[in-house]
Structure formats: C-alpha cells, structure tokens
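Below is one structure, written out as structure tokens, with a few remarks after it.
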C-alpha cells in the first residue's frame, strides 16, 4: 500500500445497532460500534473475530445491505451516504462485490454457472455484445482456475465440486469493474484440502487483477497466510489492528493473546495449560461504557469498567484498544519482547 | 504395558447407502481397535465416511444406510448381531454418543434437567433424589453450574450446550464415548477450552474416546492415535505424533500441506489438487491415485493393502518393499 495515497475504502465511526424484540422493546444490540478501518489499493485486509463479533455486519454495511446507525463509509474519498442516484449505487456495487460463505446456497441450481457472470457483465458493461460477453466470461473462469473456461460456461452447479463453485463466486465478483471484494468466510465451508487453493487464488487475483480484499474469517492462521493487515474484532469493537506479522509476533490486546493461544497448531510443541478459560463472548445488548473484554481479561483494572478504551498506536502502524497494554514505540528492540506480553 | 482386550474392535466394517442408482459404499472395509482409556482421532474431509463409520459403530444407522459386512465388537460382544432390545441395555450405559450439533440434538422444549432425568430413567429406575444428585454431579463435571438444570437449551451459550451434551453422555460413566465433531460449531477459544475439558474428563474417568473431526490440527495435541480416512477407507493409522511428524500416505502429506500455521516461517502451501471422488464410481486401484503426486502405474489398477511401517499402518504402494 502506498502510504501517501488515500485509501480505497475507509470507515469513520461506523456503527450498527439492531433493535431487539417488539415495537415496545428498548433493548439495543450493538453489533458494530465506532469502527474506523481503511483498506488500501491492492491490499488484503483480514477481519478476524468470533461469531457475533460484528465482522459480517461490517461487510454488509460496506456492501450497503444495511444502512449504518452512525458513522460513514468513504469509497475513494466519497461518502456513500452522498450516493443518491441509482446509477451511482449500481456502479458502487460493481466496484465492491461480495463473495458468500456457502457455495452450495449461493448458486441457483436451475441456471448454468455462467449465469451470474453473464448477468453482471450485461449490467455493468452494457457495451459488450452477447458473443463478447461469452468470451469475457470464459476468460474470467480461466482467471479463477476453471480451465478451459469455455467448457465450464454451460455446466450446472451440481456438476461442480464445492471448491469449483466457490471459484465461480470469485468469477462473478470479478465480472464488474471490481476494485474491492468483500469475502465473507469464503473458504470455511470447503474441505481443508481445497481451501489453500482458494487462498492462493486470492493472492493471485490481487496481483494480476489488481483488486483488494476484505477477508472475513474466524481462522487466524488462514488470515496470516494471505493478509497484509489484520483487524481483530471483539464484541463490535476493533480490539487490535496492524501488519499481520507484527500483530502475531507482538499481540498487544489481551483478547488477541487469548485468541492466539487457542489456535490449534500441530507444529507447536504440546502444551496443555492447567486451567482453561471457560468464559465466552458477551452478547452486546445495551453494553454501556467500559471495555467489553474486561470480564474475561486477566489484567483488568478499575478504569476498564469505566472508560471504553480507544485504539492507541503502540507499535509502528499497530494499534490496540486496551488501557493496560504498553507502548513499544521508542523502546529499544531488545526490551520489546519482555514488554509485549 | 499390560496387554488387555480392546474396548472396541471393528473388523472389516462396510456400510452401504442404498440409492436409486445402486449401492454407495460409504465405509469400505474399516478395521480399527480402541484400547481401554485410549483416545482415537479419526480425521477426514466431508464425505469420506467418518460420520457414517461412527453411526455404524454406535448402531445408529437408519435406512437407506445399512451395514453390509464386518463386525463391531464392543467389550467382546458383536454389536452388529444385537437386536434393538439387546442394544438398549448397552447403549448409553456402556457407550454414549456426543453429536455434532447440540442445538439439534437437545430437545428445545425440555429443560436440561428433564432431559437428563429421561436418560437416567430409561436405564435404571431411581429416586428423584438420586437422579438429582447424579445430574448435579455430571453438570459439575463439565463445568456448568447445576442451576442450569432448570434451563432450556436456548438459554445456554453454544459452548455450554455442547458441555451439557457431554454431561448427558457421562451420566452412566460409560467405557466408551463416541464424539462426532463436538466442537465444530464453537469459536476457537471455546473450542480449545472444551477440548481441554474432554481430555481432563477422560483422564479422570478413564473412558475411551473415538473423536471424529475434519480438523486435523484440532486433535494433534489430544489423541493418542490417529486414523486418516479417504473415500470410505482408512489410509493411514498410527501414533498421533508420528503421523504429524512423519506422515506416510501422500494424502496425509497433502493434508499437512493444507494448514497454514500461525507460527514459524511463512511458506507457500499447495493443498491437494482435485477433489474427493464420487463414491458411486470410486476410482479403480488406489482411491487417491487421481489426486496423488506420487502416482505409479500399479496404483491405477491394484488396490493397495496396508503396509506396516515402524509406527504406522499405511495403505500405499510406495511402502511395498
């Protein structure tokens, strides 16, 4: 990412609340609260968190499936709320398409797999003739690894494996004038032996088609594999954000530390801690002030219950929302290892 | 080490699904043994037959699935030959099953306590006092406050529901607990804590466990032995550490190459090309040969037997020497 240029997409104070229960209910679910994030050109940003942490809500807000309760999303510096005309909204949707989790539910069984690609081409690139659309569709299929592309155009979903179907999803997302792909758990329903192929595809498409990805996942190891930057969500807030390797090597937020210690890693030596953390993520209904992780946090201090921590810069380009975490900036590298945990 | 008779001995077990297009052999000639107190992991991708194998072992198959061949000996008795009436005495009291999705396996309109009571009463008449004591005991075992005996499943979090399922499986202190991906619906943190708890309970109570999962890394620190399934067959079985440190079968090697790691140097992984076969028409010879990077001519025609390696059994012609 070029640090001088404005990011491709940026959110400021992005917030989404859902009202629970009936008309008379005042209970508010805080799905996403006050999220600032930025995605650069040709950048892969991973949004990691448990279910219910708000990561999918962020994708849907960016995709304009939901309207934000507060805050703003800027695409190339332009606020989305200012996009009024249908043609502008259509153009935005073409630039920022989404890929879904379930490759079995997201393709209609009664249409050929090229249907979605051809529709997107017709809608977003109306100048193309029918023959040209078929040709472009075949090229797109080849670019996502469905070769020969022309053979796949006439297939039906049932003739494809899960991994191939998800590749069709990628081809659909590339059929418009794509700049940023919102990929919501795109590999979690696939078999482990084919997942890596799709993660590699994301890296290839970023390089060759020059697109960015917001990669949403609960699998921190796969995030490390593809993403330049990592954003860790907890209960609707960003807990920590920074360059992937730096976050993994120097996790600042206690939640990130807990998450990393829980990832099963066959290559790590056997270490079974004596006690296990039984606590689970909170449901964020009317949360009030304070850090949302404090009930599970071993380092919580009084301040954590009173003041919601804001993201602070603790290492170069690496921020965490924690009152207790210490800053490494200006600390000699030798001493950092001791202070980072 | 004292050699004792295995708790569970499966021999040449095959399961067919009867479909309009003919029988699909979902489990093909599986043999395995589980010793007393042993933790056996079974890993494989979706459709490899691992869940069907579990259901067959627990005698929970229902049409169109049926056991086509082989035997399942549990504590020396052949379960395949037992009728429902005989099974009822053994099931749950001597072996129990923890299902994948607690939300579907628990009754949504009954409290946890009432469901535990049902399970206990089905096997031995007991006073309310006894039932209550035992229920509270197993809830404490799995780390849930017994106050939740009065809760309905929807009032518990995902992790607690899964714990309640395990509590239910332990009411009779069975000798064998069969688990089908009990943690797959959980987040990593909850998953890790549940795995630690299962292991701890196993150590304390001493039951043998058969644990099925698609996530090989999950069992890497927990199982004593590991069996890898592909297309209905076991392709490799051995001590867990040796399978991880020195995988033999090209499929196991491929699986190991499919997991990114959060530690160590970042390396490009390749996964395994292609996808698992259609079991209506399994490939001739070795079932993995269309995807295998080390395929030889004989693999296309000749089905490999198990070859013995020092720590492993592996079904691959590469080890014929």
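Each reported figure results from applying straightforward, stated rules to the coordinates on display, with no laboratory input. Only a predicted model underlies this, so the values are computations on that prediction, with no experimental measurement involved. Positions of Cβ are generated from backbone atoms using ideal geometry, with glycine treated the same way; all protein chains shown enter the neighbour counts.
Any idea how far apart residue B:20 and residue B:301 come out in nm if each label point goes 7 Å out from Cα toward Cβ?
3.7
Counting other beta carbons within 10 Å of each Cβ, put B:300, B:204, B:163, B:93 in order, fewest first.
Lowest count first: B:204, B:300, B:93, B:163.
Considering every residue in B:192-199, what mean count of other chain Cβ atoms within 10 Å of its Cβ is obtained? It would help to have the intermediate numbers written out before the result.
Working: counts 9, 8, 2, 4, 8, 2, 0, 2.
Counting Cβ atoms of other protein chains within 10 Å of each residue's Cβ and averaging gives 4.
In degrees, nearest 10, range 0 to 90: what is the angle between the Cα axis of helix A:192-208 and the longest Cα principal axis of chain A?
80
In whole Å, how far is the Cα centre of the stretch B:205-262 from that of the stretch A:113-140?
Each part's Cα centre sits 44 Å from the other's.
Please arrange A:191, B:145 by counting, for each residue, the other beta carbons lying within 10 Å of its beta carbon, fewest first.
In order of increasing Cβ crowding within 10 Å: B:145, A:191.
Please determine, in degrees from 0 to 90 and to the nearest 10, the orientation of helix B:158-169 with respect to the longest principal axis defined by the Cα atoms of chain B, where the helix direction is its Cα long axis.
80
With each label point set 7 Å from Cα along the Cα-Cβ vector, what nm distance links residue A:310 and residue A:18?
3.0
Within the stretch B:123-145, name every residue whose backbone N is under 20 Å away from a label modeled 7 Å from Cα of residue B:85 along the Cβ vector.
Residues B:123-125 qualify, since their backbone N sits under 20 Å from the label point.
In nm, to one decimal, how far is the residue B:123 label point from the residue A:72 one, both placed 7 Å along Cα→Cβ?
Inter-label distance under the simple model: 6.4 nm.
Express as a percent, rounded to the nearest 5, the fraction of DSSP beta bridges in the protein assembly as shown (both residues included) that run antiparallel.
If we restrict to bridges inside the protein assembly as shown, about 60 percent are antiparallel.
By how many nm would the segment from residue B:114 to residue B:147 grow when fully extended, if each residue of separation counts as 0.36 nm and the alpha-carbon distance is taken off?
Separation in residues times 0.36 nm, less the Cα-Cα distance, equals 10.6 nm.
Answer rounded, prolate or oblate for the stretch A:144-211, using the Cα gyration tensor with square roots of eigenvalues a ≥ b ≥ c: rounded when a/c is under 1.5, else prolate when a/b is larger than b/c, else oblate.
Values: a/c = 1.70, a/b = 1.15, b/c = 1.48.
Verdict is oblate for the stretch A:144-211.
Starting from the Cα of residue B:203, move 7 Å in the Cα-to-Cβ direction to define the label point; list residues of the stretch B:34-58 whose amide nitrogen is under 19 Å from there.
Backbone N within reach: B:36-41.
Hey, what did the stretch A:100-162 get for relative contact order, percent, Cα under 8 Å, at least 6 apart?
Details: 54 pairs, mean separation 26.7, N = 63.
Reported relative contact order: 42 percent.
How much length would be gained if the chain were fully extended between residue B:184 and residue B:294, taking 0.36 nm per residue of separation minus their Cα-Cα distance, in nm to one decimal? Kindly include the intermediate steps, with their values, before the conclusion.
Numbers: separation 110, 0.36 × 110 = 39.60 nm, distance 3.23 nm.
Residue separation times 0.36 nm, minus the Cα-Cα distance, leaves 36.4 nm.
Please label the shape of the stretch A:20-86 as rounded, prolate or oblate, based on the square roots a ≥ b ≥ c of the eigenvalues of the alpha-carbon gyration tensor (a/c under 1.5 means rounded; beyond that, a/b larger than b/c means prolate, else oblate).
Here the stretch A:20-86 falls in the oblate category.
No solvent, one uniform scatterer per C-alpha: report log10 I(q)/I(0) for the protein assembly as shown via the Debye equation at q = 0.06, 0.07, 0.09, 0.10 1/Å, two decimals.
After summing over all Cα pairs, the log10 values are -0.38, -0.52, -0.87, -1.06.
Could you grab the Rg to Rh ratio for the stretch B:1-159? Cα atoms only, Kirkwood for Rh.
1.01
Using Cα pairs closer than 8 Å and at least 6 residues apart in sequence, work out the relative contact order for chain A, in percent.
After rounding, I find 19 percent.
Tell me, what is the FRET efficiency for residue A:119 and residue B:134 to the nearest 0.05, using R0 = 60 angstrom and their Cβ-Cβ distance as r?
E(calc), rounded to 0.05, equals 0.50.
Run lengths n ≥ 4 of DSSP H only: what is the helix-derived mean residue ellipticity at 222 nm for chain A, with -39500 (n - 2.57) per run over all residues, to the nearest 500?
It lands at -9000 deg cm²/dmol.
Return an integer: the convex hull volume of the alpha-carbon atoms of the stretch A:111-175, in Å³ per residue. Walk me through the numbers before you get to the answer.
Working: hull volume 4.3 nm³, N = 65.
Roughly 67 Å³ of hull volume per residue.
Taking 51 Å as R0, compute the FRET efficiency from the Cβ-Cβ separation of residue A:285 and residue A:85 and round it to 0.05.
0.85
For a bin width of 20 Å, list the pair-distance distribution of chain B built from all Cα-Cα distances, rounded to whole %.
30, 57, 13, 0
Just to confirm the number: angle between the C-alpha axis of helix B:112-123 and the first principal axis of chain B, 0 to 90 degrees, nearest 10?
Tilt of helix B:112-123: around 80 degrees.
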